[in-house]
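Worksheet: the structure to be examined is printed underneath.
The values are calculated or read from the model by the stated rules, or taken from the named source; none is laboratory data. Please read these numbers as outputs of a predicted model, since none were measured by experiment. Please note: Cβ atoms are built from the backbone with ideal geometry, for glycine as well, and neighbour counts cover all protein chains shown. The protein model used for the area step is the full one, side chains on, heavy atoms only, and it has no ligands, DNA or RNA in it. Shrake-Rupley method; radii C 1.70, N 1.55, O 1.52, S 1.80 Å.
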Amino acid sequence: MSKVISQETFDDVVQENVVDFSMTPSEAKEETIKQFEAQGINLVNIIKDLAINPETGKPVINETVAKIQKHISEKSEDKAQLTELLAILDLECQKSLAHRVLAGKNGAHDALIGLLEQTLAVETLEIELLCKCLQAVNSLTHKQPDLYDPKAMAVVLQLLALEDQLEVACLTLQWMQKACIMHEMNRQSIMASNAIKVMKPLLVKDNPRLIKELTAVLRFLVLDDDIRVEFGCAHEHARQIANEVLLQLVELLPAYEDVNVLADLLLTLGTLVVRQELCTVIDDAGGLKIIFGIMENNLNEERLNREALKLLRALAGHDAVKAHIVQQGVAPIIKQLLETHQTNENIISAALACITTLTLRVKEHSIAFFETGIAEIIVEALRLHPKHKILQRNGAWAIRNMVSRSRDQCETWLSFGVEDLLNAAMAEHPTVAQDIKAALRDLGCNVELREEWTGKAEKKIAA
């Protein structure tokens, strides 16, 4: 079994080489590594690329945290030095997760929270200092959400309540995003506070950057990515957030022309629509016509249309809303998208999935799509992307749903050569063979159905 040492022991030897033997930091680290490796010590757990102060021989990150803690305890008035220390800490934390963990172990998080509390307690706010502190805490919390605690939550609520401070608000929202990723308890603590009500006034019509950061927080609050928790609250969080801000998000759609902002809003709406009554809220607010208008005006935008298609698919979970989507003219728009993005696998795949949902078990919807001449375009898409498994599967689903209750369409589909394409896809992608066979079956083609398992009765069953 190999021997190991602590980071402190390694740093002490580096410091000794710098101070006692007048080595440069790089020479001291190289010599230290040689010494320990010669003793058979495994250095896999050691951070070897820490920046070292050439005068003291100590790691810069340790010294910086200690100086910030001293500054707080002494309530020093030297803002310039403090700003410089925060910039150094921010830079060091950006280097790697190992650097951030070391900073956290040395009390960096508590120091930054204490500094934020101290700064917020002053009558005249030091905005520059607040921003530098938030940048540092953002870098520190990245992929280290366990640091986020009730004190941090209290500070976040104070920061969000500040008026007319765009930079502070955006950095605070970024901090919340990092706290939410892979941490269910943090998400639950944010939802248990009044954070959503505090954030609601920030959903304004003239600030794209704020909308981008805020919608990201709303989406991250409904993640379910923490393997340490058996059951998350993503669905309940989505319901609670939707009840607060869903209508407001729909009303923001006509206010923006920036495709990135629109894509973020559509993605957020699609994430929050987890219940049937929420689908009707968007429909009743005129959301469908707004979405169609956005799609028609931005046919060439890949991300925006992909998110719009996902949202429509989510809304179609409600049968009445699904009927309204088709009745209000979505079929020609999806046809145009397929024509415009024939070479784009992502858009084609999303469009085919949307068609699948909209035509499921509704003959009238199938006819509406078929009458646009979309069949030939779908077949051409399958021909252009034979190697894309998900696209081929979604295409098979769309074809099956369109013809299953409209068998009069089969002849047209077959005339475009869809049978050969589906058979080739089945050979190329055996894992989705059953989906493709379903489409071939409903098209009236010959399909070999193989019985996967046959049981044998112990006693003969009478006829």
Discussion item. Here's a check for you: in the stretch 158-182, which residue that is in contact (Cβ under 8 Å) with a residue 24 or more places away in the chain and not in a helix (DSSP H, G or I) is most open to solvent (accessible area, probe 1.4 Å)?
Written reply: Met182
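Could you tell me which of the residues Ala192, Ala154, Ala136 is buried (at least 22 other Cβ atoms within 10 Å of the Cβ) and among the hydrophobic types (A, V, I, L, M, F, W, C)? Break it down into steps so the answer makes sense when it comes.
Numbers: Ala192 fails: buried (at least 22 other Cβ atoms within 10 Å of the Cβ); Ala154 fails: buried (at least 22 other Cβ atoms within 10 Å of the Cβ).
Result: Ala136 is the single residue among Ala192, Ala154, Ala136 that is buried (at least 22 other Cβ atoms within 10 Å of the Cβ) and among the hydrophobic types (A, V, I, L, M, F, W, C).
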Discussion item. Could you check the stretch 49-80 and list, in sequence order, the residues that are open to solvent by 70 Å² or more (accessible area, probe 1.4 Å) and closer than 18 Å to Ile113 by Cβ?
Written reply: Lys67, Gln69, Lys70, Ser73, Glu74, Lys75
Worksheet, complete the sentence: Within the stretch 217-246, of all residues that are open to solvent by less than 10 Å² (accessible area, probe 1.4 Å) and under 13 Å from the mean Cα position of the chain (by Cα), the one nearest to Lys289 (Cα to Cα) is Leu218
Worksheet entry | Residue match in the stretch 394-413 (condition: within 36 Å of the chain's Cα centre (by Cα), buried (at least 19 other Cβ atoms within 10 Å of the Cβ), of a type in the set (Phe, Trp, Tyr) and under 23 Å from Ala353 (Cα atoms)) | yes
Worksheet, complete the sentence: Among residues of the stretch 437-459 being more than 19 Å from Ser366 (Cβ to Cβ) and among the aliphatic types (A, V, I, L, M), the residue most open to solvent (accessible area, probe 1.4 Å) is Leu449
Worksheet item: Out of the stretch 344-367, which residues are farther than 19 Å from Ile436 by Cβ and part of a loop (DSSP other than H, G, I, E, B)?
Response: Asn344, Arg361, Val362
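Just checking, which of Thr83, Thr32 is of a type in the set (S, T, N, Q), within 36 Å of the chain's Cα centre (by Cα) and surrounded by 15 or more Cβ atoms within 10 Å (Cβ to Cβ)?
Of the residues listed, the single one that is of a type in the set (S, T, N, Q), within 36 Å of the chain's Cα centre (by Cα) and surrounded by 15 or more Cβ atoms within 10 Å (Cβ to Cβ) is Thr83.
Having 1 or more residues that are within 21 Å of Lys143 (Cβ to Cβ) and not hydrophobic (A, V, I, L, M, F, W, C) is the bar; report the helices (runs of 4 or more DSSP H) wholly within the stretch 1-107 that clear it.
Filter on the stretch 1-107 gives 7-21, 60-74, 79-93, 97-105.
Condition test on Met185, is it open to solvent by 20 Å² or more (accessible area, probe 1.4 Å) and within 22 Å of the chain's Cα centre (by Cα)? Please lay out each step first, then the result.
On the way: open to solvent by 20 Å² or more (accessible area, probe 1.4 Å): yes; within 22 Å of the chain's Cα centre (by Cα): yes.
When the stated conditions are applied, Met185 passes them.
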Worksheet item: Is one or more of the residues making up the stretch 368-381 open to solvent by 60 Å² or more (accessible area, probe 1.4 Å), modelled with pLDDT of 95 or more, part of a helix (DSSP H, G or I) and among the small types (Gly, Ala, Ser)?
Response: no
